[in-house]
Amino acid sequence: MVLESPEIIEREIKSRTGVVQCTQDGIRKSLVSFARKNASNVDTETNLALEKARGNVSQEAYERALARVKAERTWITEERQRLETQNKTLEQGQAALLGFAQVRERLAQKLATATIDDWRMILNALGAEVHVTDEGTLDVGLAIPLEATPIVSHTPGGHPQTPTPSASPSLRSRASAQGRLRGFAPLDSPFSAAC
């Protein structure tokens, strides 16, 4: 999974950057080619008009050739617009991936300094359920809210209060851990006190 470590994110960014750069190079080459085709198309239309003015081309032949030139110009314009849109989409995707890496880094820094109360609040906000089975394995479930809810509310006396998981729409995810309870909490984890 991409979120597991900064190294995985960096590798993913480099991989996608390489693919995006290669694709953008291809788009740029295609745009240059279409610019040449467009210039050639304009020259063809000009030459066609000159030939008609000199009387070297019949009206019917002129109209057929002009229709072909205009159809080619329309196709060139549409392809250029499609490639420019594709290029913008690639740039936005690249920016989003870099933004994702920055958000992940900030989140990792905040989680690294979180206190036990902070972890408790986070797990309560996610609607975390942890069950220890008879075999000593963990069954962990999280409810990720689909709509924004306040993380901390205040009581009438002004004291912060940890919210209870709401009945708002959420995604439920369950995972079973195959191992003993104490094997899941490293000594520096906020959960080690519960082990």
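Quick note: the coordinates plus some simple rules give every number you see, no bench work behind them. This structure is a prediction, so every number in the text was calculated from the model and none was measured. Every residue, glycine among them, receives a Cβ derived from its backbone with ideal geometry; neighbour counts consider all protein chains shown.
Before moving on, here are some points about what is shown:
- Chain lengthening between ALA128 and LYS70 when straightened (0.36 nm per residue, less Cα-Cα): 14.5 nm
- Using θ = phi - 60° and Karplus 6.51 cos²θ - 1.76 cosθ + 1.60, couplings along segment 32-45 (whole Hz; Gly, Pro as x): 5, 4, 5, 5, 5, 4, 5, 4, 5, 4, 5, 4, 4, 5
- Cross-link partners for LYS37 among the aspartates and glutamates, with Cα-Cα distance under 18 Å and sequence neighbours closer than 8 places in the same chain left out: GLU45, GLU72, GLU78, GLU79, GLU84.
- With neighbour counts taken as other beta-carbon atoms within 10 Å, the residues SER58, SER40, SER30 rank, fewest first, as SER58, SER40, SER30.
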